[in-house]
Amino acid sequence: MQVYLPIAELPINMFMVFGMGGAVGFLSGLFGIGGGFLLTPLLIFSGIPPAISVATVTTQVVASSTSGVVAYWRRKMIDFKLAWMLLVGGVVGSAVGVWLFGILQTLGQLDLVISLSYVTFLSAIGGLMLFESLRAMARRRSGAKVTARRPGQHNWVHGLPLKMRFYRSRLYVSIIPIIGLGAIIGFLGTILGIGGGFMMVPALIYLLRVPTNIVIGTSLLQILVTMAAATVLHAMSTQSVDIVLAMLLMVGGVIGAQFGARMGQKLRGDQLRLLLALLVLGVGVRFAVNLLMQPDELYAVDPAPILEQAK
Amino acid sequence: MSGRRILLPILGLLAVLLAQAGAPVRAEGLVAALSADVVRIESNYTGTNIVVFGEITRDAGTVGRPDPYDIAVVVSGPESNITTRRKGRFLGIWVNRDAEVFADVPSFLAVHTTRPPHELSSRAILEEHRIGLNFLNLRIARASDVPISDRDNFRAAFLRLRLAGGLYSERHDVIDFLSNSLFRTSVPLPANIPVGDYKVTAYLLQGGTLLAETQMPLRVAKTGFEQYTYWFAHQYSAAYGLLAVLLAVFTGWLAGVIFRRD
């Protein structure tokens with residue numbers, strides 16, 4: 001069944017979008033990720049203009065992270081003070097992202113920057129995750145004990161000034177890396193149409209040493225607010241949020257996520273991380289192939305500038 | 001729906017006959033009408049057809065010529081500057097490198113003729129009226145870095161992509177003559193048609209001479225929910241963004257409540 005998208009200005013098969021939302025939702029429930037990094041490329045490869053794909057997926061990420069935030073909030077597994085500090089950076093990063101997004105669009109280089117960033121970040125993070133999960137699996141097989149974090153353990157991050165105490169996370173760290181991290185993830189999330197959870201969670205654990213049980217809820221809250229801000233900013237600067245497309249993706253996504261979460265409980269942590277690493281790497285490679293192979297059609301016509309609709 | 005399909009041609013024909021009654025006296029004239037003045041884009045819009053009816057009028061002053069009459073119908077969409085880009089290899093990856101901006105090109109162009117356009121008239125006349133895609137003058141909007149020898153490649157690529165996308169078309173055996181003077185043609189409007197004010201022009205030619213032309217406005221507009229959403233997104237973009245966020249938060253929250261596991 002075809003449905004006309006009022007902002008993208010083209011008809012699309014409703015069940016296809018619903019199915020994509022559901023499939024990505026399933027994976028996001030399985031791995032505990034937002035799934036934006038899968039959904040945006042899927043939409044782009046299925047013919048939705050990149051600008052609309054990115055902006056609309058930010059809206060869908062708001063919906064999927066809300067479900068998560070509600071669940072973690074109920075279990076009191078969110079550090080609000082830490083989330084607030086991450087957000088200060090996140091909103092600034094997101095605003096810079098939207099500004100740059102508009103400039104790249106007029107230069108005709110938005111698609112390139114999206115592709116390049118996907119290749120870089122997904123390959124790097126997917127590679128790290130693959131390495132880490134393989135090592136964890138080898139360790140488990142050899143029977144070695146995983147060394148837990150000791151409270152007094154420090155790295156260079158803990159030597160920075162402007163320290164602040166976070167009681168919920170039992171941390172006393174500088175706010176510089178926190179705001180910086182929030183800004184980088186907010187910026188990338190806005191440009192790439194992803195929540196950035198798969199980058200935020202490892203960074204909080206390994207860089208700031210936030211306890212693992214607090215990390216996911218806090219990261220989800222940060223993603224929720226940054227992506228909400230990005231949605232409004234995208235809507236204001238490029239009018240590229242398609243509410244009909246977003247709604248279809250959201251409904252498919254939240255249903256798929258429930259099945260994924262149930263499936264996820266049956267798999268072991270390191271197995272899940274290995275699968276996720278392969279998935280992330282796969283998307284990165286797909287973008288790399290597109291950039292490196294000679295395209296069949298070298299020319300492209302920009303969509304006509306949006307004309308004021310006659311009243 | 002089928003009732004509408006029958007009714008529209010009849011109304012169109014009536015409009016043609018009425019218009020004819022008031023037409024000024026000329027040797028040869030042309031009157032035409034559309035099956036609809038407005039194409040409405042609704043949620044189930046996947047493309048439609050617009051039917052153009054016309055009649056060639058003759059009077060006592062008509063000089064008998066041996067050549068047959070030719071008809072050309074041109075449907076053209078709102079004009080704007082459109083950029084065509086070409087990818088090139090840069091540091092091993094394929095990126096957009098050269099670009100050419102064509103000025104005031106129609107966003108949509110459908111040309112229906114009784115014969116291949118180049119047989120109808122002189123190049124000057126065909127170019128002036130955009131009868132035929134080969135006679136569409138693609139002017140360069142501003143100083144461009146593309147060497148002159150390369151420009152035709154951009155023009156050709158632009159037309160090729162527009163044809164492939166269904167936004168430009170040229171057909172030359174789709175004008176039906178219902179009698180010696182009465183004709184009809186059905187112009188398909190694809191699903192991805194741009195919105196705006198269109199011009200539908202019918203031309204009467206004979207032996208290379210343009211005898212008469214008549215122009216009708218056609219509006220392509222989103223209606224109802226689609227139009228309102230678009231208007232809202234552009235007019236009150238901040239409120240639209242906030243609404244999208246609220247909708248997303250509500251959906252996420254609702255899903256959390258429905259599927260609550262603990």
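Readers should treat all values here as calculations from the given coordinates under stated rules, not as data from a laboratory. Treat the numbers as computed from the prediction; the structure is a model and nothing was measured. Note: ideal-geometry Cβ built from the backbone for every residue, glycine included; neighbour counts use all protein chains shown.
Where does each of B:231-237, B:137-143, B:103-109 land if you order them by average Cβ count within 10 Å, highest first? Walk me through the numbers on the way to the answer.
On the way: B:231-237: 16.0, B:137-143: 12.4, B:103-109: 20.3.
Ranking the peptides B:231-237, B:137-143, B:103-109 by packing returns B:103-109, B:231-237, B:137-143.
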Open item on the list: Using a Gaussian network model on chain A with a 10 Å cutoff between Cα atoms, which of A:VAL62, A:VAL113, A:VAL301 fluctuates the most?
Closed with: A:VAL301
Task: Using alpha-carbon coordinates, inclination of helix A:269-292 to the longest axis of chain A, degrees - done: 40
- [ ] Using only Cα atoms, find the angle between the long axis of helix A:197-206 and the longest principal axis of chain A, and express it within 0 to 90 degrees, rounded to the nearest 10.
- [x] 20
Open item on the list: Tell me the net charge near A:LEU221. Cut-off is 15 Å between Cβ atoms, A:LEU221 excluded, with +1 for each Lys or Arg and -1 for each Asp or Glu.
Closed with: +4
Open item on the list: Mean-square fluctuation check for chain A, GNM, Cα pairs under 10 Å: which of A:MET77, A:MET200, A:MET164 is largest?
Closed with: A:MET164
- [ ] Give the peptides A:103-109, A:49-55, B:74-80, B:156-162 in descending order of average Cβ contacts within 10 Å, highest first.
- [x] A:49-55, B:74-80, B:156-162, A:103-109
- [ ] Search the structure for amide H atoms under 5 Å from the amide H of B:ILE140, placed 1.01 Å from N in the peptide plane, and list their residues when 5 or more places away or on another chain.
- [x] B:ALA103
Task: Percentage of interatomic Cα-Cα distances in region B:62-125 larger than 17 Å - done: 66
Open item on the list: Using a 10 Å cut-off around each Cβ of peptide A:229-238, what is the average number of partner chain Cβ atoms that fall inside?
Closed with: 5
- [ ] Compute the long axis of helix B:237-258 from its Cα atoms, compare it with the longest principal axis of the Cα atoms of chain B, and write down the angle in degrees, 0 to 90, nearest 10.
- [x] 50
Task: Taking region B:119-192 and dividing mean pair separation by its residue count, relative contact order in percent (alpha carbons under 8 Å, at least six apart) - done: 19
Task: Peptide-level mean, for B:224-237, of C-beta atoms on other protein chains within 10 Å - done: 4
TODO: Sort all Cα-Cα distances of the protein assembly as shown into consecutive 10 angstrom bins from zero, then give the percent of pairs in each bin up to the one containing the longest distance.
DONE: 3, 15, 22, 20, 15, 11, 7, 4, 2, 1, 0
- [ ] Determine the sum of side-chain charges near A:ILE52: Lys and Arg each +1, Asp and Glu each -1, restricted to other residues whose C-beta is under 10 angstrom from that of A:ILE52.
- [x] -2
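Give me the orientation-averaged projected area of the Cα convex hull of region B:137-246, in nm², one decimal.
Over every viewing direction, the Cα hull of region B:137-246 projects on average to 12.7 nm².
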TODO: Would you mind calculating the relative contact order of region B:2-222 from Cα pairs under 8 angstrom and at least 6 residues apart, reporting the percent as a whole number?
DONE: 29
Task: Cα-based convex hull, region A:165-311, per residue volume (Å³, whole number) - done: 194
TODO: Please build a GNM for chain B, connecting alpha carbons under 10 Å apart, and tell me which residue among B:ILE50, B:ILE148, B:ILE125 fluctuates the most.
DONE: B:ILE148
Task: Fewest-first ranking of A:SER219, B:SER122, A:SER142, using other Cβ atoms within 10 Å as the exposure measure - done: A:SER142, B:SER122, A:SER219
Open item on the list: Rg over Rh of chain A, using C-alpha atoms and the Kirkwood radius, what does it come to?
Closed with: 0.98
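Order of A:81-87, B:178-184 by packing, highest average Cβ count within 10 Å first?
The most tightly packed comes first, giving A:81-87, B:178-184.
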- [ ] Determine the principal axes of the Cα atoms in region B:81-182, then give the extent along each, sorted from largest to smallest and rounded to whole angstroms.
- [x] 63, 25, 20
Open item on the list: From the alpha carbon gyration tensor of region B:223-262, can you work out the equivalent ellipsoid semi-axes (sqrt of 5 times each eigenvalue) and give them in Å, largest to smallest?
Closed with: 29, 11, 4
Open item on the list: Let me check against my output: what whole-number percent is the relative contact order of region A:157-237, with C-alpha pairs under 8 Å and at least 6 apart?
Closed with: 24
TODO: Please provide three numbers in whole Å: the alpha-carbon extents of region B:2-222 along the principal axes, with the largest listed first.
DONE: 71, 44, 26
